[in-house]
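The values are calculated or read from the model by the stated rules, or taken from the named source; none is laboratory data. Keep in mind that this is a model prediction, so the values were computed, not measured. A quick note on method: Cβ atoms are made from the backbone with ideal geometry, for glycine too, and the neighbour counts reach across all protein chains shown. To get the accessible areas, we keep the full protein, side chains included, count just its heavy atoms, and leave off ligands, DNA and RNA. Shrake-Rupley method; radii C 1.70, N 1.55, O 1.52, S 1.80 Å.
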Amino acid sequence: MSASHLNWPEAGETRSARWRSESGAPPPKRVVLADDSLTADAAFRLASEGTGMLWRGDFQNARLLLQALARRIDKPRKTKRAKADTPTPSSVDNFNLYRQAQSQRARTLAMLLIEFDGAHHITLRRAPDVVQACSEVYGAGDTAQGNYVAPLRELQGLIGAHEWRKKGVAIAALGGDRIHPHYGVFAPVRGDYMELLAQAPLPPALSAGGVAFDIGTGTGVLAALLVRRGVARVVATDTDPRALACARENLARLVPGGQVELVQADLFPEGVAPLVICNPPWVPARPSSPIEHAVYDPDSRMLRGFLNGLAAHLAPGGEGWLILSDLAEHLGLRSRADLLAWMDAAGLQPLHRLDVQPIHPKADDLTDPLHAARSAEVTSLWRLVVKTVA
Ligand SMILES: C[S@@+](CC[C@H](N)C(=O)[O-])C[C@H]1O[C@@H](n2cnc3c(N)ncnc32)[C@H](O)[C@@H]1O
C-alpha cells in the first residue's frame, strides 16, 4: 500500500491527509474539490488529465458520476481503417493493448476521491457505513491516526469483497459447503478445476496416514477438498499473509479435525510427500496491482519454481498435480512446447492429464477483446511423476 500524503487547497488553506491505495496507485499530483454541480463531461476531462477530484457532494451522486465516467471510457471508438500493408496484430499485441487499456481505465476511474476519518467514517450526505469493510482490509480504525483519502473505486472493491466474505462461495466439490474469500485472496468462483481435483485417483503411495502438500493454498479450498477425499494430513503453504489468514478461517470451519497445517513458505514446506498439488497463477504477465498476483505471474515464476522443485519434494512413487489453464497458450504468451520442456528439464514426466473447459462468465461476450482465447481455454490437471531413466 502506498503510504504517502495528499494535499489540496480548501477554504483558503492547504489541507492534507494520508493517501491509501491497496492497488499501489500513487496519489494524484493535483487535486480539486468536486461536488454535485460537476458535470460528467467535466469530470471525465479532469480524470483523463490525471487531476484527482475530492468529493464534497452527496455520496450516491459520486457513485453515479463514477458510472458515467466508466461509460465514457468504455464507449466504442471509431477505429481508423488499417492500411492494406499494416500487419494484423498478433495475439500477444492484442493482449498487451488490452492490458494497457485496462490499466488506463483503472487510473482514470481512480481520480474520484473520498475522504475518511481515521476510524473509517465518511462524513458525506447519504454515505454508507463502511467501517467493517474498511477494517477488514486496512485494519482497525482509530480517529487519532487522522484522516485519509482513497479512490471511490477502491472503496467499492472493498465493499464488494466484504459482501463476498460474508456470503461466501458454495463449492460443489465440497458438497455445497462455502468458502469465504478475503479481500485480495484468490476466490474459487470457477469450480471447474475443483472437479478435476475431486476426480483424479489418489496415488497409491499416499497410503493411510500419508501427507500431501498444497502449494499456494489461497483460501484453503484445495486442502479442504483433499481432506474430504480422505487424505489424513495436508501441509499447505502460501507467501501471502492475507491468504494464510483466510485459509486459517475457512479450514477451522471446514476441517475442524485440524488435519491441515498452514505454513508461510515460498513454494514447498520442508520434506517430501507422496502427493504435492499446485494451482499457480496462469498468465505470464506483470500484475498491474498486488491483488492480481494470483492470476498474473511474470515469466511463469511460480509455475517454473513448482516444476523445478517438485522432484526433490516427492516421496518415492509420489505424484505432483499441476492445475493449469492453457489461456496463456491461446494468447501467445507461453507455448505448450515450453511447458513440456520445463517439465522434462525438471526431471518430470506427465503420467496422465484430465481436462475441463472452464465456464467463464466472459466466454460468451463477443465484445471482449480476449474472446477467442477465452472461448478456447482448457484447464488441465497434469499428474506428474519423476522421469524414469530408460
Ligand atoms: C491461483 S491462486 C490458487 C489458490 C488456491 N490454491 C486455489 O486453487 O483456489 C495461487 C496462490 O499461490 C500463492 N503464491 C504465489 N506465489 C507463491 C509462492 N512462491 N509460494 C507459495 N504460494 C505462492 C498466491 O498467493 C495465491 O494464493
Selection within the stretch 103-127 - open to solvent by 30 Å² or more (accessible area, probe 1.4 Å) and under 15 Å from L69 (Cβ atoms): Q104, R105, A106, R107
When you check D35 against the structure, is it over 29 Å from E13 (Cβ atoms), touching a Lys or Arg at 6+ places or on another chain (Cβ under 9 Å), modelled with pLDDT of 95 or more and open to solvent by 50 Å² or more (accessible area, probe 1.4 Å), yes or no? no
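Are any residues in the stretch 174-217 under 19 Å from S325 (Cα atoms), part of a helix (DSSP H, G or I) and not charged (D, E, K, R), and if so, which ones? Talk me through it step by step, then tell me what you get.
Of the stretch 174-217, the ones under 19 Å from S325 (Cα atoms) are 185-200, 214-217.
Now restrict to residues that are part of a helix (DSSP H, G or I): 192-199.
Y193, M194, L196, L197, A198, Q199, listed by residue number.
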Answer with yes or no whether G230 is touching a residue at least 60 places away in the same chain (Cβ under 8 Å), of a type outside the set (A, V, I, L, M) and surrounded by fewer than 20 Cβ atoms within 10 Å (Cβ to Cβ). no
Determine if the stretch 187-194 includes at least one residue that is at pLDDT 95 or above and in contact with a strand residue (DSSP E or B) (Cβ under 8 Å, 6 or more places away or on another chain). no
When you go through A285, A273, A245 one by one, which is the residue that is within 13 Å of the ligand (Cβ to nearest atom) and either touching a residue at least 60 places away in the same chain (Cβ under 8 Å) or not assigned by TED's automatic domain parsing to the domain that holds P188 (or both)? A245
Lone unmet requirement of (1) part of a helix (DSSP H, G or I); (2) on the phi < 0 side of the Ramachandran plot for P350: (1)
So R301, is it over 15 Å from the mean Cα position of the chain (by Cα), among the basic types (K, R) and within 11 Å of the ligand (Cβ to nearest atom): yes
Go through the stretch 248-270 and count every residue that is within 14 Å of the ligand (Cβ to nearest atom) and in contact (Cβ under 8 Å) with a residue 40 or more places away in the chain. 7
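Residues are listed down the side, and each one gets a yes or a no for (1) at pLDDT 95 or above; (2) within 17 Å of R178 (Cα to Cα):
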site	(1), (2)
L226	yes, yes
P256	no, yes
Q264	yes, no
L275	yes, no
V283	no, no
Return the pairs, sorted by first residue and then second, in which the second residue is part of a helix (DSSP H, G or I) and open to solvent by less than 60 Å² (accessible area, probe 1.4 Å), the first residue lies in the stretch 329-342 and is within 14 Å of N308 (Cα to Cα), the beta carbons are less than 6 Å apart, and the residues are 6+ apart or on different chains. W342/L307
